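To start, the structure under review is shown below, and the notes come after it.
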């Protein structure tokens, strides 16, 4: 029986998918996180590894967006 391999999305791919799902532009995410949009774009394209501080800030931003959408 053939075993199905899971293809994991990279951090950048997941950030882009969530950002687009929430209807945010790179500029919106830049404004919310305080990081330049060109840095965020490089992360989404997997051209650079984000610092831990940015990972945490993106997570907080997406959590905040999720909480605001429930009202």
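The alpha carbons of the range 11-68 occupy a box of 30, 20, 18 Å along the principal axes, longest dimension given first. Remark: 48, 61 ranked as 48, 61, counting other beta-carbon atoms within 10 Å and listing the fewest first.
Read-outs: derived from the displayed coordinates by stated rules, not from any lab. Keep in mind it's a predicted model, so treat the numbers as computed, not measured. Here the Cβ is made from the backbone with ideal geometry for all residues, glycine too, and neighbour counts use every protein chain on show.
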